[in-house]
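Novice: Take a look at the following structure, please.
No lab work stands behind these numbers, since they all come straight from the coordinates. All values derive from a computational prediction rather than experimental measurement. Note that each Cβ is placed from the backbone with ideal geometry, even for glycine, and that neighbours are counted across all protein chains shown.
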Amino acid sequence: MAGLATDPAYYDDPYPSYERLRERGRVVRNGFVAGTVDHAVANAVLRSDQFSSSALGELPGPLQRLHARVRDEDTLSPVDPPSMLVVDPPVHTRYRRLVARAFTARKVGRMADRVESVAARLLDDLDGEPTFDLVGRYASQLPVAVIADLLGVPDDERAQVLGWGNHAAVTLDPGLTWAQYRSSSAALREMHAWFDGHLDRLRRDPGNDLLSQVLADPEAADLTRMELHGIGLLVLGAGFETTVNLIGNAVALLDAHPDQLAWLEDNPDGWANAVEEVLRVDSPVQLTVRFATQDTEVADEAVRAGEGVLVYLGGANRDPGVFSDPGTFDVRRDNAGEHVAFSAGIHFCLGASLARLEAAVALRALYERHPDLRVVGRPERRTTRVLRGFEYLPVSTLARVPAA
Ligand code: HEM
């Protein structure tokens, strides 16, 4: 587990390390923390009300007081409290209800046309460019445009917000270097200042977006500035820092499996399941953590109050007890959707149906327009560990290799 947290080889390929953990048991300990790659244990921990998603409550009193003193609200990341991701009920229930109203199946369904037209426009912009970076020009642009619409961010501010988001993404990882900490704090400070201005603008001139809805909701009337920032910046960051990875990982996997791509071209109804299989086999969010709030038991293993359990979502998604031949990418796998790539329990991803829609539309549109698209050159993985995806994925639209 120490290797998974620190070894640079991990972001290239974490999967062999997960298999080594699996050999050692369903819950493995290293003296500091427990970890699991077991699908049933992962589900049990994520769904249990005897675990918290925040370490703070588990810190000894003096450390809690120290944290309160050094905490600088204007550099809080979208995954620091009061972000809904790391607070427990009843506070979590309240924040989640406010946002969930914008993510009803009906509202997401209504976004389909908009997602299709953004994908088409991005592909139009790439016309005449036979080679391009799929991440920079397409996979990152589509989720940013969609989430910016959802949050009422004007067109000319989107590139800046994407830049801040990339800086903030590293704060999810354990063991930041001082330089990473400094640069992400500076970016977060700018992002908070921008968000104050953005909220003011929406208060003066409300739109049809999620934040305007939250601001107008009587239940949100007494939210503090930081609570509003927590909600808005989490949706913003979660909305694009993850879906970009899903689309990039999908293109890399399909490129390595041209026979499956050919099958999808003949069976376009299969795209939805193909997206589930990408989420399973190369999960965009690899890891989350929970802390026991009392002495408890998972998978017949005792967990002490205050102990942390690292839940390797990407490892649980390759549990051979649930998925046959788990390392094999198979877009027709009938139980691909049993993955925990969107977590489980009360923090189950609020944007899951939007992410599924965006990925299926993005991939179908890409390959319909460019059936000969291939990865070329040397792709580069992001160096983040919690988030798994590509930093750079060069493709050519003219370079098909025949299906095997
Ligand atoms: C492929 C894309 C995505 C993946 C893999 C993903 C994954 C996740 C995971 C694993 C969690 C829970 C973490 C935990 O249990 O500790 C989560 C929570 C969340 N996600 Fe996503 N996400 C994606 C896209 C999105 C999108 C598009 C949005 C919004 C537009 C979004 C909004 C959220 C929010 C608000 C939460 C917090 C929910 C809560 O704490 O109750 N996500 N996501």
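Novice: What does the charge count near F240 come to, summing +1 for each Lys or Arg and -1 for each Asp or Glu among other residues with Cβ under 14 Å from its Cβ?
Specialist: -2
Novice: If you place +1 on the Cβ of every Lys and Arg, -1 on the Cβ of every Asp and Glu, and leave all else neutral, what size is the dipole of the range 2-396 about its Cα centre, to the nearest 20 Debye?
Specialist: On the way: 41 positive and 58 negative charges, 187 e Å.
That gives the range 2-396 a dipole magnitude of about 900 debye.
Novice: Report ³J(HN,Hα) in whole Hz for each residue of the range 142-156, in order, from the Karplus equation J = 6.51 cos²θ - 1.76 cosθ + 1.60 where θ = phi - 60°; Gly and Pro get x.
Specialist: 5, x, 5, 5, 5, 6, 5, 4, 4, 10, x, 7, x, 3, 6
Novice: If R₀ is 51 angstrom, what is the calculated FRET efficiency for the pair E301 and R101, using the beta carbon separation as r and rounding to 0.05?
Specialist: Once rounded, the FRET efficiency stands at 0.85.
Novice: Each residue of the range 273-278 in turn: what ³J(HN,Hα) in whole Hz from Karplus with 6.51, -1.76, 1.60 and θ = phi - 60°, glycine and Pro shown as x?
Specialist: 5, 4, 4, 4, 5, 5
Novice: Between beta-carbons, use under 12 Å as the cut-off and find the net charge around P206, counting Lys and Arg +1, Asp and Glu -1.
Specialist: Summing Lys and Arg as +1 and Asp and Glu as -1 gives -1.
Novice: Here's a follow-up. On full extension of the chain, what length is gained from E116 through M226, given 0.36 nm per residue of separation minus the C-alpha to C-alpha distance?
Specialist: Working: separation 110, 0.36 × 110 = 39.60 nm, distance 3.42 nm.
Residue separation times 0.36 nm, minus the Cα-Cα distance, leaves 36.2 nm.
Novice: Right, another one. Taking a virtual spin label 7 Å from the Cα of R369 along the C-beta vector, which residues in the range 139-162 bring their backbone nitrogen under 15 Å of it?
Specialist: Answer for the range 139-162: 139-146.
Novice: Filter the trypsin sites (Lys or Arg not before Pro) in the range 66-166 down to the DSSP loop ones having no more than 13 other Cβ atoms within 10 Å, then list what survives.
Specialist: Counting only loop positions with at most 13 other Cβ atoms within 10 Å, the trypsin sites (Lys or Arg not before Pro) in the range 66-166 are R71.
Novice: Give, as ranges by residue number, the residues of the range 273-309 whose backbone N falls under 11 Å from the point 7 Å along Cα→Cβ of W263.
Specialist: Correct set: 274.
Novice: With each label point set 7 Å from Cα along the Cα-Cβ vector, what nm distance links A2 and A55?
Specialist: 1.6 nm
Novice: Of all DSSP beta bridges located in the chain, what percent are antiparallel, nearest 5? Before the final figure, lay out each step's value.
Specialist: Numbers: 20 of 23 bridges.
Taking every DSSP beta bridge within the chain, about 85 percent pair in antiparallel fashion.
Novice: Run the helix sum for the chain: -39,500 (n - 2.57) per DSSP H stretch of 4+ residues, divided by residue count, reported at 222 nm to the nearest 500 deg cm²/dmol.
Specialist: Mean residue ellipticity, 222 nm, calculated: -14500 deg cm²/dmol.
Novice: Under a plain spin-label model, where a point goes 7 Å from the Cα along Cα-to-Cβ, how far apart in nm are A216 and D72?
Specialist: 3.7 nm
Novice: What FRET efficiency comes out for the pair R201/T383, r = Cβ-Cβ distance, R0 = 30 Å, nearest 0.05?
Specialist: About 0.30, to the nearest 0.05.
Novice: Restrict the search to the range 272-323; then list the trypsin sites (Lys or Arg not before Pro) that DSSP places in a loop and that have at most 15 other Cβ atoms within 10 Å of their Cβ.
Specialist: Working: sites: R280, R290, R304, R318; in loops: R304, R318.
Those that pass, being in a loop and sparsely packed, are R304.
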